[in-house]
1. When you scan segment 73-103, how many residues do you find that are over 12 Å from the mean Cα position of the chain (by Cα) and more than 14 Å from Phe37 (Cβ to Cβ)?
2. Got a sec? Which of Lys81, Lys64 is modelled with pLDDT of 95 or more, loosely packed, with under 11 Cβ neighbours inside 10 Å and not in a helix (DSSP H, G or I)?
3. Of all residues being touching a residue at least 12 places away in the same chain (Cβ under 8 Å) and charged (D, E, K, R) in segment 74-119, which is farthest from the ligand (Cβ to nearest atom)? Just the residue, please.
4. Is it true that some residue in segment 39-50 is within 12 Å of the chain's Cα centre (by Cα), in a loop (DSSP other than H, G, I, E, B), within 8 Å of the ligand (Cβ to nearest atom) and over 20 Å from Lys104 (Cβ atoms)?
5. Is it fair to say Ile71 is within 10 Å of the ligand (Cβ to nearest atom), touching a residue at least 12 places away in the same chain (Cβ under 8 Å) and out of contact with any Ser or Thr (no Cβ under 9 Å at 6 or more places or on another chain)?
6. Of all residues in segment 7-38, how many are assigned to a helix (DSSP H, G or I), away from the ligand (no atom under 16 Å from the Cβ) and modelled with pLDDT of 90 or more?
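The values are calculated or read from the model by the stated rules, or taken from the named source; none is laboratory data. From a predicted model like this one, the values you see are computed outputs, not experimental measurements. Every residue, glycine as well, gets a Cβ built from its backbone with ideal geometry; the counts of neighbours run over all protein chains shown.
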Amino acid sequence: MRNLPRLFAAILVFLLLANAAFALSTKDKERVGAVLFRDKGCTYCHGASAQGTAKGPSLANIRKLLKAPQIVDQIENGGRKMPSFSDSLSRDEVDQLVHYLRAKHRPIPPPLVVAAPQSSAVSNPEQ
Ligand code: HEC
């Protein structure tokens, strides 16, 4: 059992490397957050580029107003008019949204791809 410490060390190194290989970079988190902001309904109240609407305030300067834990709290617990998102977002997703909102240069999410109806594939049983 003299090799046990070495075995643990090897496992630890493996886990660290695996974690580094699979972890998202800051830029990736910002990009994923941009898509989540659009697809999880934030834009409904805060606007497509977080500029604000009648339903929710602008988040344009949020990186200067709130620290990351305060943004996490707002998203997970909601506010007076904002619903809680703790049931519909994972911790990672909340983290990605915070990265997006606190990014110096917010990325623009890729456009939604809407599949065109394939008219030739539609058969009419009446014919
Ligand atoms: C139904 C409308 C609505 C939706 C959907 C919504 N918000 Fe909000 N949000 C608000 C309102 C209203 C406020 C102002 C505080 C309050 O009443 O909760 C707010 C406040 C915030 C704040 C704090 C702003 C500040 O200046 O203190 C953040 C950050 C935020 N929202 C992020 C999000 C994110 C991220 C999402 C999507 C996961 C989201 N919101 C979805 C309505 C909404």
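1. Result for segment 73-103: 11.
2. Only one candidate qualifies: Lys81.
3. Looking at residues that are touching a residue at least 12 places away in the same chain (Cβ under 8 Å) and charged (D, E, K, R), I get Lys104.
4. There is at least one residue in segment 39-50 that is within 12 Å of the chain's Cα centre (by Cα), in a loop (DSSP other than H, G, I, E, B), within 8 Å of the ligand (Cβ to nearest atom) and over 20 Å from Lys104 (Cβ atoms).
5. yes
6. Final tally of qualifying residues: 3.
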